[in-house]
Each structure stands twice: as structure tokens, then as C-alpha cells.
Amino acid sequence: MDNSELYRAGGTAVAVKRTLDASALLGEWSNTNPSATGIVRLVLTETGDQIVVRVFGAGHPQPFDWGEAPAELFADLPGLMQATSFTSFHDPGFMSVWLLTYVVKGVLVVVSFTRFQDGSGRSNYFGKEFFYRSREAAAVQ
Amino acid sequence: MKYLRVQDQVENTGAAVPGALSPSDFSGTWFNTNSYNPEITCVICKAEGSVLSVRFKGNGSSEPSDWGEVTAELLYAANIQGGPAMSFVTSFDLGFKKVQVGANLNQGLLVIATYHRSQNDTGASASNYFAREFFHRADQS
């Protein structure tokens, strides 16, 4: 059951039209767990009409740079224009990760749905990690 | 073996059996813990082998009373070694909007995150939005 196309947040080659205010999300978010073995950092930036997210996975000696993917923004309620949530899809080929996120009381909760596509025997798995805003948007431009 | 996070690097993946995740832990009827103003009132899950069918019942006002039945597109274990499915993703196309769903079991609750993407360009009232609701099993006593 491959429905990855569904989760491509507008697709890598298609601009994601943005109507919501992304200010509450822009910037750098760091994992609250300094020993995290999953995602250690996310950086959200504004590129033209798009918001893009760059993900860094735990690695030694340097974190793994997953590159950028379009982020699709969501508000708390249908009529609100402040984005408090985003989704993104990351597919480097051998695996794919769908990120569902939302901000609660200043914490960015990142839920990850990981699927391996390389025949390695690794199971699809679910994860949840927590991030604090370590740098405001202006500092990461 | 390629990986983009330390936690995805495993020496022994023999225990993992891709595609064999059992969704049986989801089976049954789940009711929203919020009886006051739920959006989704009830979730009905049916597991047959490795296939999970999911039906949402809405409040009949802000959400349709019956979203119809869909199949979980992907199942996820709690970790890379596999085991029973404790999470799934699926989606509903309700015509006026498309809803992506990420769900997981946690402490006896079914946690459902819904990402609502409007299909109509009707201004602020149609902004994309996110919701998270919690469900308990139907009383089996």
C-alpha cells in the first residue's frame, strides 16, 4: 500500500500556496532531549510563497542533513490565520518519513511516521519527539 | 545499511517482518473522551489479517455524521524491530475537504490527529486546520 504521493505536502516540484501566518513556526527548533537519537533539529524558513523545513537527524560526528522539504501549514481552527501546525514529507529514497507537527504551550510536538523502502527488514515505526524554539526566524535567515 | 538518524541504525533486524504488522489492537468501537463538543464522535476499526478498516462518525454539524469507511494506508509499530501495529495513517476525501489522519495508541487511548485541507477557495473561513482528539474503547462490561 504505497500512498506516499498523498503525503507530499504539495510535492517537491509544486509550490505550496500559503495563506496562513507562519510566524509562530519560523526559526530553529531543537529537541528537548539533548541525547536524542531521532531528529535533533528542525529549521523552518520562508522562501518566496513557501515555507520549507530542513530536518537534521542525530548522527556522529555531525547531524545528518535531510535537506529541505515544503511544509504545509495548518491553523488551530478553520477561521484562524495563525499557523500552529505543519506537515511535511521527506523521501531520500531508501526511507520515507511523514512528519505531523503541532505547537502546544511553546513546545513543537513532532510525530513521525517512518517507512523503510530498502528491503532491510526494518519495520515501519511511529515516533514522537518534543522541540523548543532555539532561534527566532530572523536569526536563521 | 543507510540511515538518517542514529535510531534507524540497527545491527540485527531479524525480528522485523516488513508488511506483517498486525492491526488487531485497534479493533473495536472507540468513543471520543470529550462528550461535550466532539468533532469526531466515534471511530470504528475492523482488523482482518494485516488490513485495517476505519470508519469515522462525526457530530453532524461541523463534521459529517458519517465519513465513510477507508482502509489504513500504512501501519506502524512502536519501534524499528516491528511487533503489533500501534499507529496508522489514512485519509478521507469528503468532497469539500480532504483530511489526512495520523493515529496512535497510547495508554489505552486512541489518539487521532486530523489535518483538514479545504478544497474550496472561500477565504479565511476555509483555512486549513489541525485537530487532535482522544478516544476510549466502548464499555465492554
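Since every read-out is calculated from the coordinates, none of them should be taken as a lab result. Predicted model, so just to flag it, every value in this text is computed and none were measured. In this analysis, Cβ positions are derived from the backbone assuming ideal geometry, glycine residues included, and neighbour counts consider all displayed protein chains.
For chain A, the relative contact order comes to 24 percent (Cα pairs under 8 Å, sequence separation of at least 6). Given 25 °C and 0.890 mPa s, how large is the Stokes-Einstein diffusion coefficient of region A:28-141 in µm²/s, with Rh as the Kirkwood radius over Cα pairs? Diffusion coefficient, whole number: 166 µm²/s. State whether the protein assembly as shown is rounded, prolate or oblate according to the following rule on the C-alpha gyration tensor (a ≥ b ≥ c being the square roots of its eigenvalues): a/c under 1.5 gives rounded; otherwise a/b larger than b/c gives prolate, and the remaining case gives oblate. Here the protein assembly as shown falls in the oblate category. When A:TRP66, A:TRP98 are sorted by how many other C-beta atoms sit within 10 angstrom of their C-beta, beginning with the fewest, the order is A:TRP66, A:TRP98. Take every Cα pair under 8 Å whose residues are at least 6 apart in sequence, average their separation, divide by the length of chain B, and the relative contact order is 20 percent. Once both labels are positioned 7 Å from their Cα atoms along Cα-to-Cβ, the gap between B:ALA20 and A:LYS105 label points is 4.2 nm.
Among the listed pairs A:LYS105/B:LYS46; A:LYS105/B:LYS97; A:LYS128/B:LYS98; A:LYS128/B:LYS97; A:LYS128/B:LYS46, those whose Cα-Cα separation exceeds 30 Å are A:LYS105/B:LYS46. The value of relative contact order for region B:13-95, using C-alpha pairs under 8 Å at least six residues apart, is 28 percent. Put in line by how crowded their Cβ is, counting other Cβ atoms within 10 Å and starting with the fewest, A:ARG135, A:ARG41, B:ARG5 read A:ARG135, A:ARG41, B:ARG5. Take the Cβ atoms of A:GLU136 and B:LYS2, set R0 to 35 Å, and the FRET efficiency comes out at 0.55.
From the alpha carbon centroid of region A:85-115 to that of region B:54-100 is 17 Å. Couplings for region B:53-61, taken from phi via the Karplus curve 6.51 cos²θ - 1.76 cosθ + 1.60 with θ = phi - 60°, read 9, 9, 10, 9, 10, x, 6, x, 10 Hz in order; Gly and Pro are left as x.
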